[in-house]
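Step one of this worksheet: look at the structure below.
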Amino acid sequence: MGNYTITVLAGDGIGPEVTDQAVRVLDAVAKRFGHTFTYHKRLVGVAAIEAEGDSISEATLELCQKSDAILFGAVGGLPNYDGRFKVKPEEALFKLRKGLQFFANLRPVKPLDSLLNASPLKAEIVKGTDLLVVRELTGGLYYGHLEPPVPGKPSAIRRTEHGTDAIDTLLYTEAEIERILRIAFDAARDRKKKVTSVDKANVLSSSVLWRQVADRVAADYPDIAFEHILVDACAMHLIRRPSNFDVIVTENLFGDILTDEASVLAGSMGMLPSASLGSHKTVHGRLGLYEPIHGSAPDITGQGKANPIAAILSAAMLLQYSLGLKDEASAVEAAVAQTIEAGYRTEDLASTGARTVNTEEMGQKIATTL
Ligand code: ATP
Ligand code: MG
């Protein structure tokens, strides 16, 4: 029975609709397990720009740092707002990730049995898949530049006597590799006890270092099965035998590509949660930012069509990783699975179930199943 503070940044578009349902489910968890969750709801994205002049205020950033966890909806993507402000709503996410140093992005993919036919792959291939991609988020190619970046321009496009060329730098330090590997191995201990490290060590120096560090970290986890795999082979195996994976850990660019590929297995964007973790520890665990992988979906905003399950499963990850409440997280996952098994579906998955419900009804159903 604990007291926890959660900063809630619902944001734009369907962000508030799905976040409301995640909070509803957290309230049901508090009631069933006897916890107290105190929510600090703050503006982020377009609403914050309109009211406070910035995509996320300094005060909100400070509050996030002091909380036990951050529940995030979505920002930006609203067509009639783009270009109206000097500040971009999407900057809020970068400020949060950078300011709080969230270097690890976790995306679990666990297609439910009754949704197997929602994936473009054959059901017998997807069946049994339960994997977690751990992606390095603050290093690698996306952050390596030879010259200081010029605002609004790619940093290393150069004119030479032979024409134009462009350079990106792929740099990883041993410490950056080690900390992401440790997140992956720690996560595997609570799962199927297997880690697959993905690299391109037959070509890239950064991958050779990655492999060395991975082998060294693996030695500290004798209870975890460990393998290396090249990124091109991994891309193939993900759709050939996804159920063989447990934890996949990789650098920024490879992780970006592989997480999008893996997400297709679950059948809908509306089903997939994520966590971003850093080194900042709280009393109960690691400070983290929890959000659905989908965006603000302006095309369906305000129509009750949004699937809140990605947000609800993000709240389950919050319980597990930041509050250290594993039983509670499992209870939320079980309630989601039961509700889907009972045939309830939001519109994105309507063709696979018997009863179509709106966003709020889906949240209520899951909360009462808990
Ligand atoms: P962003 O750039 O913010 O990631 P995006 O361009 O990837 O946004 P999304 O907002 O994620 O786009 O939406 C992509 C498509 O998926 C849209 O058609 C949207 O309606 C649908 N979609 C996204 N999230 C959900 C959800 N929770 N439930 C139902 N449909 C969704
Ligand atoms: Mg997107």
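Observations, loosely collected:
- ARG32 being in the same structural domain as SER314 (by TED's automatic domain parsing), within 16 Å of ligand 1 (Cβ to nearest atom), closer than 27 Å to SER330 by Cα and not β-branched (Val, Ile, Thr): no
- Residue that is surrounded by the fewest Cβ atoms within 10 Å (Cβ to Cβ) [pool: residues in the range 332-342 that are small (Gly, Ala, Ser) and under 20 Å from the mean Cα position of the chain (by Cα)]: ALA334
- Qualifying residue in the range 330-340 (condition: within 16 Å of ligand 1 (Cβ to nearest atom) and either of a type in the set (Ser, Thr, Tyr) or out of contact with any Ser or Thr (no Cβ under 6 Å at 6 or more places or on another chain) (or both)): yes
- Residue check, THR259 within 30 Å of VAL332 (Cβ to Cβ) and within 16 Å of ligand 2 (Cβ to nearest atom): yes
- Boolean, ALA315 is within 12 Å of ligand 1 (Cβ to nearest atom), touching a residue at least 60 places away in the same chain (Cβ under 8 Å), assigned to a helix (DSSP H, G or I) and within 23 Å of PHE33 (Cα to Cα): no
- The set of residues from the range 312-334 being of a type in the set (A, V, I, L, M) and either in contact with a Phe, Trp or Tyr (Cβ under 6 Å, 6 or more places away or on another chain) or more than 25 Å from VAL264 (Cβ to Cβ) (or both) comprises MET317, LEU318, LEU319, LEU323, LEU325, ALA331.
- For the range 289-300, a residue qualifies if it is under 10 Å from the mean Cα position of the chain (by Cα) and either of a type in the set (Ser, Thr, Tyr) or more than 9 Å from ligand 1 (Cβ to nearest atom) (or both), and the qualifying residues are LEU289, TYR290, GLU291.
- Scanning the range 187-205 for residues that are part of a loop (DSSP other than H, G, I, E, B) and hydrophobic (A, V, I, L, M, F, W, C) yields a count of 3.
- Within the range 106-135, considering residues that are out of contact with any Gly (no Cβ under 7 Å at 6 or more places or on another chain) and small (Gly, Ala, Ser), the one farthest from SER330 (Cα to Cα): ALA123
- Annotation: of all residues in the range 145-165 being in contact with a Ser or Thr (Cβ under 9 Å, 6 or more places away or on another chain) and either of a type in the set (A, V, I, L, M) or assigned by TED's automatic domain parsing to the domain that holds TRP210 (or both), the one that is modelled with the highest pLDDT is ILE157.
- Condition check for GLN303: surrounded by fewer than 20 Cβ atoms within 10 Å (Cβ to Cβ) and within 16 Å of ligand 1 (Cβ to nearest atom): yes
- No other residue among ALA175, ALA184, ALA188 is at pLDDT 95 or above, loosely packed, with under 13 Cβ neighbours inside 10 Å and assigned by TED's automatic domain parsing to the domain that holds SER243 apart from ALA175.
- Here the helices (runs of 4 or more DSSP H) wholly within the range 22-137 that include at least 1 residues being within 16 Å of ligand 2 (Cβ to nearest atom) are 91-99.
- Test: residue in the range 179-189 that is in contact with a Leu (Cβ under 9 Å, 6 or more places away or on another chain), among the basic types (Lys, Arg) and in contact (Cβ under 8 Å) with a residue 40 or more places away in the chain: no
- Restricting the range 191-238 to residues that are of a type in the set (D, E, K, R) and within 17 Å of GLY255 (Cα to Cα), the residue that is surrounded by the most Cβ atoms within 10 Å (Cβ to Cβ) is ASP199.
- Any chance ARG345 is surrounded by fewer than 19 Cβ atoms within 10 Å (Cβ to Cβ) and among the basic types (Lys, Arg): no
The values are calculated or read from the model by the stated rules, or taken from the named source; none is laboratory data. None of these values were measured; they are calculated from a predicted model. All Cβ positions, glycine included, derive from the backbone under ideal geometry; neighbour counts span all protein chains shown.
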